[in-house]
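Student: For reference, the structure I am asking about is given below.
The values are calculated or read from the model by the stated rules, or taken from the named source; none is laboratory data. This one's a predicted model, so the numbers in the text were calculated from it and none came from an experiment. Virtual Cβ from ideal backbone geometry, glycine too; neighbours counted across all protein chains shown. We work out accessible area using only protein heavy atoms, side chains counted, and drop any ligands, DNA or RNA first. Shrake-Rupley method; radii C 1.70, N 1.55, O 1.52, S 1.80 Å.
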Amino acid sequence: MNDFSLSSLRAAADMVHAQVPPTPQYAWPLLGRRSGCDLWVKHENHTPTGAFKARGAITYIDWLRRTHPEVKGIITATRGNHGQAQVRAATAAGIAATIVVPHGNALEKNAAMRAFGATLIEHGHDFDSAKAEAIRLSAQEGLFMVPAYHDELVRGVASYGLELFDAVPDLDTVYVPVGCGSGLCGTIAARDALGLKTKVVGVVSAHVDAAKRSFEAGRLISSPTAYTFADGVAVCTPVQAALDYFGPRADRFVGVTDDEVAQAIRIYWQDTHNLAEGAGAVALAAALQEKERMRGKKVAVILSGGNGDMSQMAEILRGATPQVTMDMRKAI
């Protein structure tokens with residue numbers, strides 16, 4: 001049974017803040033004018049790994065050290081943010097980290113993971129192949145396989161929700177990007193622990209909307225492909241434990257197209273001079289899609305990360321939308 005009580009979440013936040021200072025939340029006036037509401041941005045692109053996942057990795061690795069003190073090394077598969085977070089937390093705790101990525105993964109993200117101390121292995125040509133190799137190596141080498149979703153990841157991630165709600169407690173709605181679900185569940189956990197009435201809305205890619213359809217159907221539904229450049233939300237099959245938690249607690253889900261996400265990235269740059277990755281911009285894209293519904297309200301969007309590929313960002317800022325023609329974006 002998960003313990004997402006306020007005391008538990010505050011203790012997790014204290015642990016996170018020992019390594020990751022609170023990130024800012026700003027009400028940018030140009031964004032507010034554009035959106036027609038009092039719009040706050042929670043800047044998770046300002047963590048030491050450039051994404052919100054840095055938080056959950058800290059509490060997860062602490063749990064691992066306490067419950068499995070014999071573990072000498074971890075392994076996981078990733079396309080970027082999850083891997084950076086895990087290797088950073090693991091090496092800080094004196095635990096070796098092996099990261100498996102598919103061939104063709106972003107050079108910048110690979111370089112960042114190596115810089116944090118990872119043993120990086122390239123295998124296969126999509127995320128599923130990399131994950132299968134990580135599972136094989138976990139058994140072969142005696143490494144602990146880190147999952148995409150876990151209560152301890154949620155407890156750490158909830159720290160950004162506490163920061164946001166402590167600073168802006170009277171929010172009507174918060175839009176949260178949804179990949180495997182730790183961000184959405186963490187935001188809900190923080191809201192409920194504080195006893196607030198804020199609506200929490202999950203945001204997915206309209207092209208990979210399994211989490212949205214699963215939420216609406218009340219059961220797991222998979223997407224056959226992951227054709228979106230917003231790879232952080234390109235999850236074909238939701239995690240059952242995440243659905244069990246956010247299913248009865250989220251207000252609704254919104255799907256946004258790649259064109260809407262690319263435009264949201266350009267808007268972030270124009271109005272705030274922050275560069276969001278694809279998944280980092282989906283929440284703003286959703287708030288703008290629901291502009292009339294949110295008019296005059298106090299709203300927040302989670303800018304979940306800023307680790308976009310340089311070539312991709314250059315294409316977007318020139319006014320284009322990156323085209324994904326191969327199913328290589330099943331990501332965490």
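Student: Does segment 52-80 hold any residues that are over 16 Å from the mean Cα position of the chain (by Cα), in a helix (DSSP H, G or I) and crowded, with 18+ Cβ neighbours inside 10 Å, and which are they?
Tutor: Ile61, Asp62, Leu64, listed by residue number.
Student: Just the residues that are outside any loop (DSSP other than H, G, I, E, B) and open to solvent by 60 Å² or more (accessible area, probe 1.4 Å), please, taken from segment 16-37.
Tutor: Hits for segment 16-37 are His17, Tyr26, Pro29, Leu30, Arg33, Arg34.
Student: Any chance you could count how many residues in segment 221-232 are in contact with a Gly (Cβ under 7 Å, 6 or more places away or on another chain) and open to solvent by 10 Å² or more (accessible area, probe 1.4 Å)?
Tutor: 2
Student: Also: Could you grab me the full set of residues in segment 29-51 that are touching a Lys or Arg at 6+ places or on another chain (Cβ under 9 Å) and of a type in the set (A, V, I, L, M, F, W, C)?
Tutor: Cys37, Leu39, Trp40
Student: Continuing with the same structure: Report whether or not Asn110 is polar (S, T, N, Q) and not in a helix (DSSP H, G or I).
Tutor: When the stated conditions are applied, Asn110 does not pass them.
Student: Can I ask one more? Answer yes or no as to whether Gln263 is over 20 Å from the mean Cα position of the chain (by Cα), assigned to a helix (DSSP H, G or I) and polar (S, T, N, Q).
Tutor: No; evaluated as a whole, the condition is false for this residue.
Student: What are the residues in segment 199-220 that are open to solvent by 10 Å² or more (accessible area, probe 1.4 Å) and either without any contact (Cβ under 8 Å) to a residue 12 or more places away in the chain or not aliphatic (A, V, I, L, M) (or both), if any?
Tutor: Residues satisfying the conditions are Lys199, His207, Asp209, Lys212, Arg213, Phe215, Glu216, Ala217, Gly218, Arg219.
Student: Name the helices (runs of 4 or more DSSP H) wholly within segment 276-332 that hold at least 2 residues that are over 18 Å from Thr198 (Cα atoms) and modelled with pLDDT of 95 or more?
Tutor: Those helices (runs of 4 or more DSSP H) span 278-289, 310-317.
Student: Could you tell me which of the residues Leu196, Leu184 is surrounded by 24 or more Cβ atoms within 10 Å (Cβ to Cβ) and either among the aromatic types (Phe, Trp, Tyr) or at pLDDT 95 or above (or both)?
Tutor: Leu184
Student: How about segment 269-293: which of its residues are under 21 Å from Arg79 (Cβ atoms) and either surrounded by 24 or more Cβ atoms within 10 Å (Cβ to Cβ) or of a type in the set (Gly, Ala, Ser) (or both)?
Tutor: Result: Ala276, Glu277, Gly278, Ala279, Gly280, Ala281, Val282, Ala283, Ala285.
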